[in-house]
Each structure stands twice: as C-alpha cells, then as structure tokens.
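Chemist: This is the structure I want to talk about, given as structure tokens.
The values are calculated or read from the model by the stated rules, or taken from the named source; none is laboratory data. Source: prediction; values computed, not measured. Cβ coordinates were reconstructed from backbone atoms using ideal geometry, including for glycine residues, and neighbour counts include every protein chain displayed. What goes into the accessible areas is simple: the full protein's heavy atoms, side chains included, and nothing from ligands, DNA or RNA. Shrake-Rupley method; radii C 1.70, N 1.55, O 1.52, S 1.80 Å.
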Amino acid sequence: MMPLIEMRNIRKIYSNGVIANNGVNFSINRGEIHALVGENGAGKSTLMKILFGLEKPTAGEIFLNGKKVEFSCSSDAIANKIGMVHQNFKLIPSFTVAENVVLGNEPVKYGFVNGDEIVRITKELSNNFGLFVEPNDVVRNINVGQRQRVEILKTLYRKAEILIMDEPTAVLTPQETDDLFKAIIRLVKDGKTVIFITHKLREVKEISQRVTVMRQGKVIDTLDTKDISREQLANMMVGREVFLNISKPNMHRGQVRMKVNDLSYISASGCKVLRDINFKLYSGEILGIAGVEGNGQTELVEILTGLRKTKNGKVIVKANNILGHTPREFRQELISHIPEDRLINGVAVQRTINENLIVDRYFKKPYKKGIFIDYKVVKNIGANLIRKFNIKAPNGDLPVNSLSGGNMQKVIIAREFSSEPYILIASQPTRGVDVGATEFIREQLVDIRNKGTAILLISADLGEVMSLSDRIITLFEGQITGVFPDAAKVSEKELGLYMLGIKHQAFKDMENDL
C-alpha cells in the first residue's frame, strides 16, 4: 500500500550549525493514528513544522499520495489538506467560537461577514465530528477542553484530511482526554489521518496504531504500537533504561510549615479568582493541587511566592503572616519556587548559567566578597551544580538561551533545590521536558521530600500529581472542591470529577484533612 505521506531523507540544519533532522525517513498510512515520540530536541517538532510548511528542509523530499510536493509556507500545506493543532492555542479570546473557526476565511453576504452562516457551519462541523461546542460562546469564557475542540474545528473547516496534533492532551482532565480520543477515533472513521505528538506514553498505547521514535535528530524505529511496551518506548527515546514509576518511601510527616487561611483573590476586572482557600502544608510531604489550568492555580502560586498581592486571608510561616511580602522576603523565609513559565519567571535567558544559579543569593556569603561577587566561588559552585543536576553544558559561562528547554528547567531545579528550602512550591516542574529529564526531576522532588522539605506541587499532568503526591487537593473555579488524604487511594476518574466541579465535598467533611 502506498503511504499517504512519505518524508524521505529529511535534513534540517539551522544557521547556528544545529542539526535538527539528520536523514529522517517517516511515512504515514491513510486512516491511521500515528504517534510521534522523542525527547526534547529529538527533532520531532521540526519534522512536523517542515510537513506543515513552517520550516523549509535543508535537504530531502516530501511525497503526498506518491506525488512530490514542496511547501514554502503553511498555506501550501493547508491547500494540500494538512492541518496542525498547536499545543499553544491560536485563538482570539474576545471572539466567539464560530468567529475563531472561520477566521481568515469567513463567508460573506453583501460585503459583510455572514454571522448566521458561520454559526450554521460551526454547528454542522461540531455535530458531524462529535466536537460539541456552542458557536456563540466567547472563547475566553469556555474551558480548556472546549478550546481544544475549537482548534480542531478550525482545521476541519479548512478541509484538512491530515491532522497534526501537538501535545493535544497536555492540559486536559482524564474525562476531557477521553472525549478527545472519542473525537479522534470518529475523525479517523470518517477517513481522516492523525499524527499524534505526545510525551504521555500511556496515551500512545491507548490511541495509536503505529509509533515512530526519534532520538538526536534521527528515527530510531517505527513499530506497531501493540508490539511495544511503555517501558521499551521510554528506553528507545532516551537510549538507556528509564524508570517510569518513581520509588517513593512512606511519608514521615513533620510539623506544619505553612498555613493558608481564608485566602481569596479578586482580579482587576472584579472576578473572584480564589475563594476562601484553606490548607496546611507539612514538612516531609508533597501536597498536590489538581485542577484544569485556569482555575486559580497560577494566582495561588504567585500569592504564595510574593509575585501577586492580595489583602484577603493569611499565609502563616514560622508563626508570622507573610502575605503581601516581597519575593525576596519570601525567599528569606527559605521558600523556593519552580515557576510554571521558566522563560518569564524562571531564568534570565541572556545571562550565563552561573549567573542564573546565584540570582537569588548573589548578595550573601560565600558568593559575595566585600561589595563584589566572588566569581571564582561562583564558577566552582556552578560546576558542582552542573555536574550534580546533569545539566548538559560544557561550563557555566554559556548563556541560558543556548540550552534546550529541559536543561533550562534543570538550571532552575539546581538553583531552587540547592537553596536548602524550608518550603518548595513547584509549579509545572516537568512541563515541556522529555522522559529522561522528567524522571530526573521527579526523583529530585522525592529526594528532598524524604529529607523533610515541605512541597506544594501544582501540575497540569494528573499522572504526575498522583504519582508524586502524598495528599491531593482539587481546585475548581478558585475553590477547593475536595481533599484526598491518601493520594494512592483515589483514581484519575474520581479526581477528574472534582476538577470539573461535577462533585464537591462539603467543607465540614474535608476540614480535618486540609
């Protein structure tokens, strides 16, 4: 059978000499769900950008239905019925669902956009493919799962027969993931073909017929998914044995290190983002917060690290209310922070690795010598941290923007863990990093938990929350909907119901466990 798409000997060499794709051969059969996996920097995103016309290959050929094609831009790919659903949604929040679906190719009547027609088109697409959304809803008011559907509808409106999905479940609950998988299967039954890029190997096994593994710019192998285990996939991706299940000894809970009382936050627009948040955080435990993104997690973390101000409530550490203190004052209480967006709050990309490693402590001994920074000490300490945290860099004098995303994250992990935190607030600690780096970061989190650090873990990866946490709180629309004192005894499905607000515990029933 002739492949629907065949990419032959694809090479992509960037101007800085980086080889992203090195002689890649990749083919897709009509009507299949084909998973594409690999570590960060393996070349899979570059390969898909080439297929979608966002990048031009240095060498190689693309064949569609046996015919050679060249895409100079994404419009060429769209004209050939290829669509891409991006991980970071490309939607206009103030527009309706229908307006976003037809954006750039609107039906007109008497010289104006035909509002009735765009609603009809959206309803028809929505019903035909089981991607149910309300056409007149404003995008800013719908949840993440619904926005994902809008992105898919956009590609279907443009007659896409081949859909490239880049990490489509990254921010979805188990229920939303199930709904998406049902929609994908329905699309394939209708004759579509899907390329599914993901880091979640369980999903590879669940949804795909074949899987291609990439490593260091090359294809390692393409296999029938049923013939390979998750562990084997992980090992192929990394090139060594990877342990997907982190060993976690029993918790030895100590004293309360942080107490949050009646914490609320109202946005500048008057929206109540956090509603009467109460919980205690103990030494030697990982307290996980599970919730669909956009339900107050970002605001909670920023308040608990001094990045956002509110006057409503208390944050008690060492018997003092530190609510409203500056970020430096929070750090003086030995509260470390792994931020959800490493590029905004995590690293100074133009500065060196060594400078980023001391940015929270350069004004203290041993980093300071008189009124100057002792760069000899900084260099030695930086070298030790680079080695200990397996940062892939020849030395600490390189700028951080020369590192991959996973290694940038390791710089943050090295800085925050080496500060010997009393409390660690870890927000999306493994977001956008590959299997090998994820394994390393999770091991480090468990290690400092075992040494007595109190850890508050916020992650959109529900599997991560469940595997690392000792206790779990669910958050919906800025309110605690449930608390689960033993994370090992609750299922993903059950947590998902609380994350979506479908189920809600009464405060009196969860008060003793918060």
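Chemist: For N136, what charge total do you get from the other residues with a beta carbon under 14 Å from its beta carbon, if Lys and Arg give +1 and Asp and Glu give -1?
Modeler: Values: positive: R120, K123, R140; negative: E99, D116, E117, E134, D137.
Neighbourhood net charge equals -2.
Chemist: For N136 and K90, what is the calculated FRET efficiency with R₀ set at 22 Å and r taken between the beta-carbons, to the nearest 0.05? Can you show the working numbers first?
Modeler: Numbers: r = 20 Å, r/R0 = 0.93.
Using R0 = 22 Å, I get an efficiency of 0.60.
Chemist: Further, regarding this structure: Could you check how much of the accessible area of the range 209-303 is carbon and sulfur, as a whole percent, using a 1.4 Å probe? Let's see the in-between values first.
Modeler: Values: 1950 of 4570 Å².
That fraction is 43 percent.
Chemist: Set the Förster distance to 51 Å, then compute FRET efficiency between Y375 and I316 from the Cβ-Cβ distance, nearest 0.05.
Modeler: Calculated transfer efficiency: 0.85.
Chemist: Report, in listed order, any pair from K259/K493; K259/K503; K68/K90; K12/K392; K205/K388 with a Cα-Cα distance greater than 32 Å.
Modeler: In this structure, K205/K388 exceed 32 Å between Cα atoms.
Chemist: Something else: Let me have the 222 nm mean residue ellipticity of the chain computed from DSSP H runs of 4+ only, each contributing -39500 (n - 2.57), with the sum over all residues rounded to the nearest 500.
Modeler: The per-residue figure over the chain is -9000 deg cm²/dmol.
Chemist: Suppose all protein chains stay in the model; what accessible area per residue would a 1.4 Å probe give for the chain, in Å²?
Modeler: Spelled out: the 1.4 Å probe surface of the chain, per residue, equals 46 Å².
Chemist: A further question follows. Nearest 10 degrees is fine. How inclined is helix 375-388 to the longest principal axis of the chain, computing both from alpha carbons?
Modeler: Relative to the chain, helix 375-388 is tipped by roughly 60 degrees.
Chemist: Ranked highest first by average number of other Cβ atoms within 10 Å, how do 184-191, 371-378 line up?
Modeler: 184-191, 371-378
Chemist: Please report the carbon-and-sulfur percent of the accessible area for the range 351-435; probe 1.4 Å, protein heavy atoms only, DNA, RNA and ligands left out.
Modeler: Numbers: 2170 of 4000 Å².
That fraction is 54 percent.
Chemist: Taking the mean number of other Cβ atoms within 10 Å as a proxy for protection, how do you rank 335-343, 361-369 from highest to lowest?
Modeler: 335-343, 361-369
Chemist: Run the accessible area of the range 62-202 with a 1.4 Å probe and give the carbon-and-sulfur part as a rounded percent.
Modeler: 48
Chemist: Okay, next question. Report relative contact order for the chain in percent, whole number only (criteria: Cα-Cα under 8 Å, sequence separation at least 6).
Modeler: 15 percent.
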